[in-house]
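Enquirer: Quick one: the structure is below, and I'll ask about it shortly.
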Amino acid sequence: MSFEDIFRQHRWDDIKSAIYAKTPADVEQALSRSRRTPDDFMALVSPAAAPYLEQMAHLSRQLTQQRFGRTMQLYAPIYLSNECQNICTYCGFSYDNPLRRKTLSGTEILREIEAVRTLGYEHVLLVTGEAHQTVGVDYFSKTLPLFRQHFAQVSMEVQPMDRDEYEQLIPLGLHSVLVYQETYHEEDYRKHHPKGKKSRFGYRLETPDRLGQAGIHKIGLGVLIGLEDWRTDSFFTALHLDYLQKTYWQTRYSISFPRLRPFSGGLAPKVDMSDRELVQLICAYRLFSEEVELSLSTRESGQFRDRLVQLGITTMSAGSKTNPGGYAVDPQSLEQFEISDERSAGEVAGMIRQQGYEPVWKDWSAFQ
Amino acid sequence: MDPLIIAGRTFESRLFTGTGKFGSSKTMEEAILASGSELVTVALKRVDISNTQQDGMISMLQHPHIHLLPNTSGVRTAKEAVYAAQLAREALETNWLKLEIHPDPRYLLPDPVETLEAAKELVKLGFVVLPYIHADPVLCKRLEEAGVAAVMPLGAPIGSNKGLRTLDFLEIIISQSTVPVIVDAGIGAPSHAAQAMEIGADAVLVNTAIAVAGQPVRMAAAFKQAVMAGREAYLAGLGGISVHANASSPLVAFLDE
């Protein structure tokens, strides 16, 4: 069995109708439970939950503090390449977007590593487009050990791979993999991914299963908010999480909720999500899963991020560069998306401390 | 208070503490000092192993009465635990180890199979092993036979603040243990700590309930008092609890007739 079997039992339109039909009584019932089901999650992301946001925020803060303490983990994304054979309508690295392509060489990687180490980071996220000739498994096999020598925790956000490829990379220092479904709306997914390997919806959908089978430490899930109805997409994310937690019980999970950001030549969001709605979603995830890590990137504004430190978020990036070589090698290359919070890592850490929280740079050692 | 001896080391305080979840290293230091704790556990994964002198957390724990108890949080197997223990011994210069193997990242419940295997190996390697385990009396006996210095059964899932949900099993463990019993995990209020001491636990370990309290330093002091009170009550001998009133119509009085 894989998640696809569960996914096929749910029809998008039925789920959407069920969410929009939720009542205040459903929300109150969901709030009163000590363990919440995917059905409760539907109530918590529904429009009916909007008047209960204050209560949700208090619960979310309390649960997060109890589980994670007054701490905030920090990480930096490192873009290794913007080469990509996929067409994705919303992405700056899309194959059809004319820009200068770049993949970092070994020596360039070392310069980037040095720059990011100087900022204090111990946890990094490696990002590439999907270009099997240049940034395939061989490239990562050579690259991961370089990072592993300098950082405590190395994560990847790259193309989905086969199970045996993950099994090859994990012993080299791969701690976690982020693989966002973008949208669980299959037809829309095809519209947004017309060309390249990414157009295979099912292969992407089953990637967390392959990661779990390979024994990865952590899997990151999420959808790109703005492509489709966020409430329905988030329900499928929660359903996916629920399945994975039960099936691959030795793996940890994190969720991100990127809102579509402008980039040069890009698509405007089909669906807007307000700040208030994003807070509702974050609280709903926390109430649904006390232990899931919730991550907020520099896509969001500094002002907004400051307010979310205490509401359920456990992980933040800071001072991010979203272009290959952005920290040292080639700061001017074209970025994947415009970041919104442009403060340095030190400034963000200071903001976290000011709120009585401890910035955590290192929370992992590879004991093998 | 009567001292506690573990592996030849004497402790005046029966309250052990942790270092996670505090809002700042300074608050952590103040709370630990207020608790009077002499044994403080540190997650090796949070420590800069290559440079412990510069590590922000370790530097706050440099007090003569405080002994560090490195823990192996984050490992999933006996093999990883043994490796982590060796790193800890080298980096923190202590052979004391809180052995934690919880492959389940959701409830952080300890794996009995891997823990027993690792304990055997670590005892052979000369470690003072304090294993974190479920409140399983048989496992405690097996670990004792393996040569651990104490056992650390849980009161409730770690970080849950739910109190002594495993009370009946803790009582069995305490009644038959030949090594100190330290109730670890789940203690959410000073009253829970006092209760653990009243039933005869040798010590308790408290982290979340102090770190996440509104005022951690004040809460640490409250726990200190509760542990002392609980120990005193145990030593004083608690009166039995009578469930029934004395029967007004005796059933066996006829025997005296």
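Since every read-out is calculated from the coordinates, none of them should be taken as a lab result. Everything numeric in this text was worked out from a predicted model, so none of it was measured. Glycine gets a Cβ as well: all are built from the backbone with ideal geometry, and neighbour counts include every protein chain shown.
Enquirer: What's the Kirkwood radius of the stretch A:247-362 in Å, using all Cα pairs?
Expert: Answer for the stretch A:247-362: a Kirkwood hydrodynamic radius of 15.8 Å.
Enquirer: Sticking with this one: Specify the residue with the greatest mean-square fluctuation among B:Asp111, B:Asp202, B:Asp48, computed from a Gaussian network of chain B linking alpha-carbon atoms under 10 Å apart.
Expert: B:Asp48
Enquirer: Using a Förster distance of 41 angstrom, determine the FRET efficiency expected from the C-beta separation of A:Gln354 and A:Ser274, and round it to 0.05.
Expert: With a Förster radius of 41 Å, E is 0.95.
Enquirer: In Å, what Kirkwood hydrodynamic radius results for the stretch A:159-299 from the alpha-carbon pair distances?
Expert: Its Kirkwood hydrodynamic radius stands at 15.8 Å.
Enquirer: On a 19 Å Cα-Cα criterion, which of the cross-link pairs A:Lys246/A:Lys362; A:Lys191/A:Lys321; A:Lys191/A:Lys270; A:Lys191/A:Lys218 come out too long?
Expert: The answer is A:Lys246/A:Lys362; A:Lys191/A:Lys321; A:Lys191/A:Lys218.
Enquirer: Report the FRET efficiency, 1/(1 + (r/R0)^6), for A:Ser301 and B:His63, where r is their Cβ-Cβ distance and R0 is 56 Å, rounded to 0.05.
Expert: After rounding to 0.05, the efficiency reads 0.85.
Enquirer: Please average, across the residues of A:56-62, the number of beta carbons from any other chain that are within 10 Å of each residue's own beta carbon, and give a whole number.
Expert: So the per-residue partner count for this stretch is 0.
Enquirer: For the stretch B:4-256, what is the Kirkwood estimate of the hydrodynamic radius, computed as the reciprocal of the mean inverse distance between distinct Cα atoms, to one decimal in Å?
Expert: 18.7
Enquirer: Using 10 Å bins from zero, what percent of all Cα-Cα pairs in the stretch B:1-153 falls into each bin?
Expert: Percent of Cα pairs in each bin: 11, 41, 37, 11, 0.
Enquirer: Would you mind telling me the antiparallel percentage of the DSSP bridges in the stretch B:4-256, rounded to 5?
Expert: Here the antiparallel bridges make up roughly 10 percent for the stretch B:4-256.
Enquirer: Right, next: Considering only B:His65, B:Ala222, A:Gly302, whose Cα is most displaced toward the positive end of the charge dipole of the protein assembly as shown, charges sitting on Cβ of Lys, Arg (+1) and Asp, Glu (-1)?
Expert: Farthest towards the positive end: A:Gly302.
Enquirer: So, one more: Once the piece of chain linking A:Ser2 and A:Leu146 is laid out straight, how much longer is it, given 0.36 nm per residue of separation minus the C-alpha distance between them?
Expert: Extending this stretch completely gives an extra 48.5 nm.
Enquirer: Share of antiparallel DSSP beta bridges in the protein assembly as shown, in percent to the nearest 5?
Expert: Expressed as a percentage, antiparallel bridges in the protein assembly as shown total about 10.
Enquirer: Mind putting a number on the dipole of chain A about its Cα centre? Charges go on the C-beta only, +1 for Lys and Arg and -1 for Asp and Glu, and I need it in Debye to the nearest 20.
Expert: Approximately 360 debye in magnitude.
Enquirer: Pairs of alpha-carbon atoms within less than 8 angstrom and 6+ residues apart define the contacts here; what relative contact order does chain A have, in percent?
Expert: Computed value for chain A: 25 percent relative contact order.
Enquirer: Could you list B:Val252, A:Val177 so that the one with the fewest beta carbons within 10 Å of its beta carbon is first and the one with the most is last?
Expert: B:Val252, A:Val177
Enquirer: Indicate, rounded to the nearest 5 percent, the antiparallel portion of the DSSP beta bridges found entirely in the stretch A:3-360.
Expert: The antiparallel proportion sits near 5 percent.
Enquirer: Compute log10 of I(q)/I(0) for the stretch A:3-360 with the Debye formula, placing one identical point scatterer on every Cα and leaving out solvent, at q = 0.08 Å⁻¹, to two decimals.
Expert: Normalising to I(0) and taking log10 leaves -0.37.
Enquirer: Given labels modelled 7 Å from the Cα in the Cβ direction, how far is it in nm from A:Arg190 to A:Thr118?
Expert: Going by the 7 Å Cα→Cβ label model, 5.0 nm.
Enquirer: Next question. Would you compute, from DSSP H runs of 4+ residues alone, the mean residue ellipticity of chain A at 222 nm, taking -39500 (n - 2.57) per run and dividing by the full residue count, rounded to the nearest 500?
Expert: -12000 deg cm²/dmol
Enquirer: Still on this structure, please answer the following. Averaged across orientations, what area in nm² does the convex hull of the alpha carbons in the protein assembly as shown project?
Expert: 32.5
Enquirer: Next up: Please order A:Tyr189, A:Tyr95 by the number of other Cβ within 10 Å, starting at the fewest.
Expert: Ascending Cβ contact count within 10 Å gives the list A:Tyr95, A:Tyr189.
Enquirer: What list do you get for A:Cys88, A:Cys283 if you sort them by fewest beta carbons within 10 Å?
Expert: A:Cys88, A:Cys283
Enquirer: Under the definition of partner shielding as Cβ atoms of other protein chains within 10 Å of a residue Cβ, what is the mean value for peptide A:355-367?
Expert: Per residue, the average neighbour count from other chains is 6.
Enquirer: Net charge within 13 Å of A:Phe151 by Cβ-Cβ distance, Lys/Arg positive one each and Asp/Glu negative one each, not counting A:Phe151 itself?
Expert: Net of charged neighbours comes to -2.
Enquirer: Go ahead and set up a Gaussian network model of chain A, Cα springs under 10 Å, then flag whichever of A:Ser344, A:Ser176, A:Ser297 fluctuates most.
Expert: Ranking A:Ser344, A:Ser176, A:Ser297 by mean-square fluctuation puts A:Ser344 first.
Enquirer: Also, I was wondering about something else. Give the span of the stretch B:165-252's Cα atoms along each principal axis, as three whole-Å numbers ordered largest to smallest.
Expert: Reported extents, whole Å, longest axis first: 56, 31, 24.
Enquirer: A follow-up question, please. For labels at B:His134 and A:Thr89 in the simple 7 Å Cα→Cβ model, what's the distance in nm?
Expert: Using points 7 Å along Cα→Cβ, the separation is 5.1 nm.
Enquirer: Check each of the chymotrypsin sites (Phe, Trp or Tyr not before Pro) in the stretch B:90-180 and keep only those in coil by DSSP with at most 10 other C-beta atoms within 10 angstrom; list them in order.
Expert: none
Enquirer: Another question, then. Just name one of A:Leu125, B:Ile210, B:Ile101: the one whose Cα is farthest towards the positive end of the charge dipole of the protein assembly as shown (beta-carbon charges, Lys/Arg +1, Asp/Glu -1).
Expert: A:Leu125
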